[in-house]
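Here the structure is laid out as C-alpha cells; the discussion comes afterwards.
The values are calculated or read from the model by the stated rules, or taken from the named source; none is laboratory data. The shown structure was predicted, so the numbers you read here are calculated from the model rather than taken from an experiment. Please note: Cβ atoms are built from the backbone with ideal geometry, for glycine as well, and neighbour counts cover all protein chains shown. With ligands, DNA and RNA removed, areas are computed over all heavy atoms of the protein, side chains included. Shrake-Rupley method; radii C 1.70, N 1.55, O 1.52, S 1.80 Å.
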Amino acid sequence: MLFYLVRRILTMIPTLIVISFLTFFIIELPVGDYISNQIAALKTSGESASIAKLEFLRQEFALDRPFFERYLIWIGAWPGPHGFDGLLQGNWGWSFEFDKPVEEVIGPTLMLTVVLNFATILFVYVVSFPIGMYSATRQYSWGDYGFTLLGYLGLAVPNFLLGLILLYLFNRWFGMSIGGLMAPEYIDAPFSLDKFLSILGHLIVPTIVIGTSGTAAMIRRLRANLLDELHKQYVTTGRAKGLSEQKLLTKYPLRMALNPFIADIGNLIPSLVSGSVIVSVVLNLPTVGPILLSALQSQDQFLAGFILLFVAVLTLFGMLISDILLAILDPRIRLGGKAAS
C-alpha cells in the first residue's frame, strides 16, 4: 500500500506540469491580453502618457517575451525581469484588473471555496448513497419511482433557478437572508465560534443548490451499478446457499458497485467549481467562481491562470483520495499496479 501511495504521488508531478502548460496555453489563446486591450483603447482616445505606463508594465511582467519564455517565467523556471520569481517561488502573479497581487485578490476566497466544495461533496455522497442502495434493492417500488422522479428534477432544474427559489422561501418562511457564506458582521472579523456557526448556517442552501445535480447523477449511477451486480451469477448462487439478503448485499455486490461511485470524487471537484459560478453570483458567495469569470472576460491572464491551476490541484488531490479509497476497498487495484510496475 505504501509503494502504491508513493507511486501515485510521484505521477502527480508530471501531471501537474502538463496541466500548468495547458492552462497557460488556454489563457493565451485569445488574441491580445489585458495590457494590449488597454493600450488599444487608449490609442483610440489619444492618451499617450497612459500608453507609456502600460508599455512599461508589459516589460515589467515579461508580456513582451516569446510564449515559452513567458510560461517558464510564470512557473518560476526561467529568470524574468526580477529573476526567478514565479509560482515555484510562491509568487502567484499580478492582477491587472484589480491592480494588486493575485494573492490579495483571491486569498480570502480560497479557503471558503475549499470549505464549500468539501461540504457539497459530503452532501452528495451522504444523500446519494442510502438512496441509491434503497432504489437498487427495491426496484420498481413506489420509493424507487419517487426517488427517480426527484433525481430527474434535480438534473433538469438549473442550479441558479433553484438558488433563487430557496432564497425566496427562506426569506419568506424564516425571515433569513442567506446570501453570502456568513453574516455581514463576521466578514472582516477574526475567526471565532460565532463566525464558524454563521458559516455553517449559510452553507446549507449553497450546498443543496450546487450539490443537487451531482446527487441526482450519483443516485442513478449507484443504482445502475448495484443492480448490475445483484443480477450476476455469484449473487444467485449465494442466495441459493441460504445467505441472508443483508450479508449477500454487503459481502461483494455493494463493494463492487462502489468502485465507480468512489472514483468520481476527483471528477466531481471541477464540475462543482464550474457549475457554481452562476450560483455564486446569484447567492453572492465569496468564492473564486465569480472572480474567475471576471478574469476570463477581461483577459486578466495571471489571475485566471492561477485560479484554473488551483482547481486542477484540487482535482488531483481529489483523484488521489479516490484512488486511496479504491485501493483500500479493492486490493486488486494496488496489486495490479504493483505487478505492472
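Structure summary
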| read-out | value |
| --- | --- |
| Share of Cα-Cα pairs in the chain lying beyond 32 Å, as whole percent | 46 |
| Normalised contact order of the chain, rounded percent, pairs of Cα under 8 Å and 6 or more residues apart | 24 |
| Fraction of accessible area attributable to carbon and sulfur, the chain (%, probe 1.4 Å) | 68 |
| Span-rule helices in the chain, defined as complete DSSP H runs reaching 27 Å or more along the axis (Cα) with Kyte mean at least 1.0 | 2-27, 102-137, 301-329 |
| Relative packing of 4-11, 319-326, 75-82, 305-312, which averages over residues the other C-beta atoms within 10 Å, highest first | 305-312, 319-326, 75-82, 4-11 |
| Inter-part distance where the range 86-112 and the range 264-326 are each reduced to a Cα centre, Å | 15 |
| Cα-derived Rg over Rh, computed across the range 240-298 with Rh taken as Kirkwood radius | 1.40 |
| Mean Cβ count within 10 Å, highest first, over the residues of peptides 241-253, 31-43 | 31-43, 241-253 |
| Inter-site label distance for Val281 and Gln297 at 7 Å from Cα along Cβ, in nm | 0.6 |
| Accessible area expressed per residue, the chain, with surrounding protein chains retained (probe 1.4 Å, Å²) | 54 |
| Anisotropy class of the range 27-86 from Cα gyration tensor, a/c 1.5 cut | oblate |
| Relative contact order of the range 53-196, pairs being alpha-carbon contacts under 8 Å that are 6 or more residues apart, as % | 8 |
| Cα-based shape type of the range 196-275, given that a ≥ b ≥ c are square roots of the gyration tensor eigenvalues and the cut on a/c is 1.5 | prolate |
| Lysine pairs with alpha-carbon atoms under 18 Å apart, the chain, spacing 8 or more or separate chains | 6 |
| Helix-only CD estimate at 222 nm, as mean residue ellipticity for the chain, using -39500 (n - 2.57) per DSSP H run (n ≥ 4) | -25000 deg cm²/dmol |
